[in-house]
Amino acid sequence: MQIQRSHTVRVLVVYYTQTKNTELVAKGIYEEVMSLDHDVELMKLNSIEPGFLDGFDLVFIGSACHDGDLAKPVLRFLEELSPSPSFKMAGFVTHSAYKAEWGKRREELYERWAGKCEPSFIGPCNDKNIDFLGYFHCLGAPIPEVADFIRREIIHDEDEWIEYINEVQSHPNAADIQDAKDFAAKMVNKYE
Ligand SMILES: Cc1cc2nc3c(=O)[nH]c(=O)nc-3n(C[C@H](O)[C@H](O)[C@H](O)COP(=O)(O)O)c2cc1C
């Protein structure tokens, strides 16, 4: 039996990274879209202008989480997009906060440290009539300065700290990249 594919989707994966965690996720998304036989490009956010997005059907935008929100260059980039473009959007983030679904205390910390990221994609998309298809996020190991800050300001309990730092240091791991790939496939499917 031959499986009929509707058409090739022109996909852009664009990301902002400082320490490469978000880049790993971006590459996973890129590889998945490529394996599905769509046209896909992978670009760093600071190498393009917002108008570059106009030639695409589906744009994945990725960001490191800074100060509880998307990184400033990503917020600016979203602000500069023209209204009612031809592309649809999906967002992804790496952050050092826990994942919200891991219990009450962790949910609170997630909200405080990374909770603004998803709304910061959705707000500009609503304002600009951009179809936002979905959001993916996973942990990304903090650089030592950020880990020190978390230890000093946020996680004071020694046992909680040891559990936290042991967990976060390994991310994004193979399971995160697989989750990102599953997300990418779902977004492309939703687009079609
Ligand atoms: C300046 C700075 C601020 C950060 N602020 C947060 C934050 O508010 N919440 C959070 O969960 N992680 C924060 N982090 C951790 C990063 O979001 C995390 O390590 C992420 O995976 C980094 O992505 P990148 O390697 O792609 O730059 C911060 C990191 C830096 C360098």
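Derivation of every value follows stated rules applied to the coordinates shown; laboratory data play no part. In this text the structure is predicted, and so the values were computed from the model without any measurement. Every residue, glycine among them, receives a Cβ derived from its backbone with ideal geometry; neighbour counts consider all protein chains shown.
Structure values in brief
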{"quantity": "Residues of the range 137-177 classified as more than 11 Å from the ligand (Cβ to nearest atom) and free of Cβ contacts under 8 Å to residues at least 60 places away in the same chain, total", "calculated": "19"}
{"quantity": "Residues of the range 65-99 satisfying the condition of being in a loop (DSSP other than H, G, I, E, B), of a type in the set (Gly, Ala, Ser) and within 21 Å of Ala184 (Cα to Cα)", "calculated": "Ser86"}
{"quantity": "Residues being crowded, with 20+ Cβ neighbours inside 10 Å and in a helix (DSSP H, G or I) - total across the range 46-64", "calculated": "1"}
{"quantity": "Residue that is surrounded by the fewest Cβ atoms within 10 Å (Cβ to Cβ) [pool: residues in the range 31-43 that are of a type outside the set (Asp, Glu) and touching a helix residue (DSSP H, G or I) at 6+ places or on another chain (Cβ under 8 Å)]", "calculated": "Met43"}
{"quantity": "Residues (farther than 30 Å from Leu109 by Cβ, in contact (Cβ under 8 Å) with a residue 24 or more places away in the chain and of a type in the set (A, V, I, L, M, F, W, C)) located in the range 30-51", "calculated": "Val33, Leu36, Val40, Leu42, Met43, Ile48"}
{"quantity": "Number of the exception - Leu81 against (1) under 17 Å from Asn46 (Cβ atoms); (2) without any contact (Cβ under 8 Å) to a residue 24 or more places away in the chain", "calculated": "(2)"}
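Let's see how each residue does on (1) in contact with a strand residue (DSSP E or B) (Cβ under 8 Å, 6 or more places away or on another chain); (2) of a type in the set (A, V, I, L, M, F, W, C); (3) surrounded by 19 or more Cβ atoms within 10 Å (Cβ to Cβ):
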{"position": "Pro73", "(1), (2), (3)": "yes, no, no"}
{"position": "Ser82", "(1), (2), (3)": "no, no, no"}
{"position": "Pro85", "(1), (2), (3)": "no, no, no"}
{"position": "Met89", "(1), (2), (3)": "yes, yes, yes"}
{"position": "His95", "(1), (2), (3)": "yes, no, yes"}
{"position": "Arg106", "(1), (2), (3)": "no, no, no"}
{"position": "Ala114", "(1), (2), (3)": "yes, yes, yes"}
